[in-house]
Amino acid sequence: MQYGPVAAVVILQINKFFFAKGGSERYLFALSDALAGRGHEVAHFAMQHPRNLPSPYGRHFAPNRDYTGSGFLRSLGAAREFVRSGAAARALRALLDDVRPDVAHLHNIYHQLTPSIVEVLARHEVPMVMTLHDYKLVCPSYALFARGRYCYRCRNGHFANALAQRCGGTRARSTLLMVEAYWQKWTRVYDRVDRFIAPSEFMRATMLEAGMRPERVHYVPPFAPGRDDDGTAGNGAGAWPERFVAYAGRLSAEKGVGVLLEAIARLPDVPLVVFGEGPEEGRLAAVTRERALGRVHFAGHVSHADLARAMPRCVAIAVPTLSPENAPLVVLEAASAGVPVIVSNMGGLPELARELDGRVVPAHDAGALAAAIREVWSDPGAARERAAAAWARARGRFDHERHVDAVLAIYRDVAA
């Protein structure tokens with residue numbers, strides 16, 4: 001693909017959250033700022049939420065939907081909105097009365113916004129690009145993960161397995177995930193999206209195996225957004241050890257933090273700082289107490305500025321995920337700061353590790369993870385030198401400007 005200058009366009013960025021909830025939101029804001037910096041007009045559509053950042057388009061945002069509990073299933077109407085949101089469609093139509101985008105860029109839209117907005121954009125003849133931040137189009141539960149292991153039982157559209165495996169936790173929620181996936185399959189709603197952006201070669205291969213045409217799925221190497229403060233009050237770097245290994249991300253079953261705790265249990269002189277929060281936080285803290293792992297510190301959700309300040313103390317970042325991770329930003333952020341990365345052999349992680357001199361260990365293997373941590377911990381200076389040299393070689397591939405050029409080229413393609 002040839003990249004080049006693109007005339008100013010109006011770009012509608014769409015994501016269900018409009019605050020720094022996770023990596024996809026950080027990418028959304030970084031990309032939006034970069035596009036605006038090049039003279040393009042960037043509009044946004046999201047869900048209303050108390051934590052939302054200010055936006056001149058906020059009055060058009062869809063109503064807030066909280067699906068973290070099971071209470072919403074008591075209402076048939078609410079369950080229907082989970083699959084296809086009429087409220088989100090109406091809100092987007094109102095926005096399109098005020099804004100005429102040349103292209104819409106979709107990110108995470110499931111459940112709160114739903115593919116109903118794809119139908120609205122198609123009716124308004126707005127070309128669409130979608131970044132594949134996860135595996136939702138082929139896996140009802142996003143992560144290709146079930147019962148503690150990698151899972152692709154829903155391959156070739158056999159979504160009844162989402163119910164059989166209880167991928168939603170409860171039978172009712174799993175049923176809803178199954179219905180949602182079959183509705184998307186039968187209506188072929190995502191066929192109306194013109195191009196998909198895959199942040200990893202693994203993601204692109206997964207989509208092609210699922211039947212997408214190669215010309216519709218473009219691999220665009222990710223970039224590491226800057227670490228501007230997101231307004232979150234951190235715990236402060238003073239509370240952390242002078243040297244430590246770190247995990248930074250969501251605390252959920254597929255992330256493998258339990259395996260990391262087991263590895264740390266084998267390393268009596270290595271402290272671990274866990275940055276993040278999530279449904280597994282309580283269980284992981286209990287395991288830490290039971291194993292008397294006093295050198296494990298749970299820092300909670302901290303600002304990105306605090307995380308940046310912690311990097312000089314960090315001997316390595318561990319990404320022990322048990323599911324096929326896509327292209328987590330934390331790996332690039334660590335590498336750009338000269339911090340060695342240790343990753344599992346899942347999804348797109350080995351791709352990044354090859355470029356960044358990272359260590360790759362088998363998922364679920366606490367012994368191998370402990371050995372990799374010990375290697376880095378024993379000579380952190382040499383490990384940092386290798387990491388810095390690898391980043392110097394690879395930074396052009398993950399360059400911010402190159403990434404934006406590639407995205408703009410795709411916009412130009414679909415808008416034509």
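Expressed in nm to one decimal, what extension gain is obtained for the pair residue 205 and residue 78 from 0.36 nm per residue of sequence separation less their Cα-Cα distance? Write out the running numbers ahead of the final one.
Details: separation 127, 0.36 × 127 = 45.72 nm, distance 3.49 nm.
Stretched out fully, the residue 205 to residue 78 stretch lengthens by 42.2 nm.
In segment 246-342, which GluC sites (Glu not before Pro) fall in coil by DSSP and have 16 or fewer other Cβ atoms within 10 Å? Working shown, then result.
Working: sites: 254, 262, 277, 280, 281, 290, 325, 333; in loops: 277, 280, 325.
Loop-located and lightly packed - 277.
Could I have the simple spin-label model distance between residue 93 and residue 182, label points 7 Å from Cα toward Cβ, reported in nm to one decimal?
2.8
When a/c is below 1.5 the answer is rounded, else prolate if a/b is larger than b/c, else oblate, so apply that to segment 252-302 with a ≥ b ≥ c taken from the square roots of the Cα gyration tensor eigenvalues.
Prolate is the answer for segment 252-302, as a/c is 1.5 or above and a/b outweighs b/c.
Could I get the Rg over Rh figure for the chain? Both from C-alpha atoms, Rh via Kirkwood, rounded to two places.
We get a ratio of 0.96 for the chain.
Relative contact order (percent) for the chain, with alpha-carbon contacts under 8 angstrom and 6 or more residues of separation?
RCO, the chain: 15 percent.
Just add up the charged neighbours of residue 335: K/R +1, D/E -1, any other residue whose Cβ is under 10 Å from the Cβ of residue 335.
It works out to a net charge of -2.
Report the Cα centroid-to-centroid distance between segment 360-377 and segment 9-42 in angstrom, as an integer.
36
For segment 161-184 and segment 286-351, compute the distance between their C-alpha centroids and round to whole Å.
Each part reduced to its Cα centre gives a spacing of 31 Å.
Quick check: net charge around residue 163, other residues with Cβ under 13 Å of its Cβ, Lys/Arg +1 and Asp/Glu -1?
+3
What does DSSP give for the chain in terms of the percent of beta bridges that are antiparallel, rounded to the nearest 5?
Here the share of antiparallel DSSP bridges comes out near 5 percent.
Quick note: the coordinates plus some simple rules give every number you see, no bench work behind them. Small disclaimer: the values here were computed from a predicted structure and weren't measured. Here the Cβ is made from the backbone with ideal geometry for all residues, glycine too, and neighbour counts use every protein chain on show.
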